[in-house]
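Visitor: Below is one structure. I have some questions about it.
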Amino acid sequence: MSTEELLQGHLQLYHHFFSYIKSMALKCAAELGIPAAIHRRGGAATLRDIVADVALRQAKVPHLRRLMRVLTVSGIFAMKQQQPASSGEAVLHAWFRVDDEEEEEEPVAGGGGGGGAAMSLFEMAHGFPRWEMTGRDAAYGAVLNEAMAADSRFVMEVVFREGGGDVFRGIGSLVDVGGGHGAAAAAVAAAFPHVKCSVLDLPQVVRKAPPDAGDVRFVAGDMFEYVPPADAVLLKYVLHCFGDDDCVKILRWCKEAIPTRDAGGKVIIINMVIGSGSQRDIFKETQALFDLYMMYIDGVEREEKEWENIFSKAGFSAYKIMPILGFLSIIEVYP
């Protein structure tokens, strides 16, 4: 199959998987009284109007913005930058306005594992953090690790096909932080035999690492406390699991682990950059749905300005986004 066909299948799979979130988002909006609030204002309301009318706590405003993004890209609401005249349309097709001053949203702080104080939706429902699930349920852990390994093999194949493998050229060592059973690191080691690859993950993950991981070395540890030194650090599907404060902590340890930019040091992130890549509706909708899905563990998918914010706070000097993985991107971040 061509790379384009592979990426289209990848996109369709995720879009289908997340399709149930649209009805959940609509149910949430209805229960919050958002359609009625917009209707009472003549069919048009700013985000600030909605927050006031549904008595939402300020800490939840970023979550409301993410909810409304799903409902607008899905066509349930329409968003305009400027205030239109009242349309008198049906409530669920009312206009949702965004004022210029509302464009600067507060960062998504805390959340996720690693010491964030906020309790995630998963933890509220189950009584323990999502990260403990693999230790409590061996079958779940095995399925999760197998799924992540399969996804890593797929993504890395596309990376090398699309020229993204250039990001690994010129480095002598790589540590895959939160790399699970090492599928991504093994793919790099196979493509670039001179690169010494290692994986940092929690002790319970490393203990179950496969014996046939090739030249990949496994290191048991906590990315909030230490990252082994290497020319480059790989973070695949890691930072979207955490709020901004925790991401900054992780990235600061990554910066400590790598050499200067002139010496080839960098962090390689494989994650979503909302708004980057294709502007087709299915891309935008999949990105928005994925973001809302990540809310269950207090995770978040970020726009470029949100990525830039955490890179700056972690002390990095520059970054480059390569949207070559369908609805995902590679981000190179330089110290």
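Visitor: Identify the residue in the stretch 64-83 that is under 24 Å from the mean Cα position of the chain (by Cα) and small (Gly, Ala, Ser) and, among all such residues, is surrounded by the most Cβ atoms within 10 Å (Cβ to Cβ).
Guide: So, considering only residues that are under 24 Å from the mean Cα position of the chain (by Cα) and small (Gly, Ala, Ser), the one surrounded by the most Cβ atoms within 10 Å (Cβ to Cβ) is 74.
Visitor: Do you know which residues across the stretch 59-68 are farther than 27 Å from residue 282 by Cβ and without any contact (Cβ under 8 Å) to a residue 40 or more places away in the chain? If you could, list the steps in order and put the result at the bottom.
Guide: First pass over the stretch 59-68, keeping only residues farther than 27 Å from residue 282 by Cβ: 59-61.
If the condition is that a residue be farther than 27 Å from residue 282 by Cβ and without any contact (Cβ under 8 Å) to a residue 40 or more places away in the chain, then 59, 60 are the ones that fit.
Visitor: OK, next. Kindly check whether there is at least one residue in the stretch 326-335 that is open to solvent by 40 Å² or more (accessible area, probe 1.4 Å) and of a type in the set (D, E, K, R).
Guide: At the first step, the residues of the stretch 326-335 found to be open to solvent by 40 Å² or more (accessible area, probe 1.4 Å) are none.
There is no residue in the stretch 326-335 that is open to solvent by 40 Å² or more (accessible area, probe 1.4 Å) and of a type in the set (D, E, K, R).
Visitor: Also, quick follow-up: Could you check the stretch 200-314 for helices (runs of 4 or more DSSP H) lying wholly inside it with 2 or more residues that are open to solvent by less than 10 Å² (accessible area, probe 1.4 Å)?
Guide: Numbers: elements: 203-206, 244-257, 281-294, 304-313.
Where helices (runs of 4 or more DSSP H) fall fully within the stretch 200-314 and carry at least 2 residues being open to solvent by less than 10 Å² (accessible area, probe 1.4 Å), they are 244-257, 281-294, 304-313.
Visitor: In the stretch 169-199, how many are without any contact (Cβ under 8 Å) to a residue 40 or more places away in the chain, over 17 Å from residue 134 (Cβ atoms) and open to solvent by less than 40 Å² (accessible area, probe 1.4 Å)?
Guide: First, pick out the residues of the stretch 169-199 that are without any contact (Cβ under 8 Å) to a residue 40 or more places away in the chain: 169, 180-183, 186-187, 189-199.
Of the ones still in play, those that are also over 17 Å from residue 134 (Cβ atoms) are 169, 186-187, 189-198.
Imposing the further condition that a residue be open to solvent by less than 40 Å² (accessible area, probe 1.4 Å) reduces the set to 186-187, 189, 192, 195, 197-198.
The total comes to 7.
Visitor: Using the structure shown, decide if residue 184 is among the hydrophobic types (A, V, I, L, M, F, W, C), at pLDDT 90 or above and assigned to a helix (DSSP H, G or I).
Guide: Working: among the hydrophobic types (A, V, I, L, M, F, W, C): yes; at pLDDT 90 or above: yes; assigned to a helix (DSSP H, G or I): yes.
In short, yes.
Visitor: Let me ask something else about it. If you check residue 160 against the conditions, is it under 19 Å from residue 6 (Cβ atoms), in contact with a His (Cβ under 8 Å, 6 or more places away or on another chain) and either surrounded by fewer than 24 Cβ atoms within 10 Å (Cβ to Cβ) or in the same structural domain as residue 239 (by TED's automatic domain parsing) (or both)?
Guide: Values: under 19 Å from residue 6 (Cβ atoms): yes; in contact with a His (Cβ under 8 Å, 6 or more places away or on another chain): no; either surrounded by fewer than 24 Cβ atoms within 10 Å (Cβ to Cβ) or in the same structural domain as residue 239 (by TED's automatic domain parsing) (or both): yes.
No, not satisfied.
Visitor: Name the residues in the stretch 18-54 that are under 23 Å from residue 285 (Cβ atoms) and charged (D, E, K, R), would you?
Guide: Matches in the stretch 18-54: 22, 27, 31.
Visitor: Output the qualifying pairs, or none if there are none: Cβ atoms under 9 angstrom, residues six or more apart or on different chains, first residue in the stretch 304-326 and without any contact (Cβ under 8 Å) to a residue 60 or more places away in the chain, second residue among the hydrophobic types (A, V, I, L, M, F, W, C) and surrounded by fewer than 18 Cβ atoms within 10 Å (Cβ to Cβ).
Guide: Filtered contacts from the stretch 304-326: 304/321; 307/321.
The values are calculated or read from the model by the stated rules, or taken from the named source; none is laboratory data. Only a predicted model underlies this, so the values are computations on that prediction, with no experimental measurement involved. In this analysis, Cβ positions are derived from the backbone assuming ideal geometry, glycine residues included, and neighbour counts consider all displayed protein chains. Remember, those area values only see protein heavy atoms, side chains included, never the ligands or the DNA or RNA. Shrake-Rupley method; radii C 1.70, N 1.55, O 1.52, S 1.80 Å.
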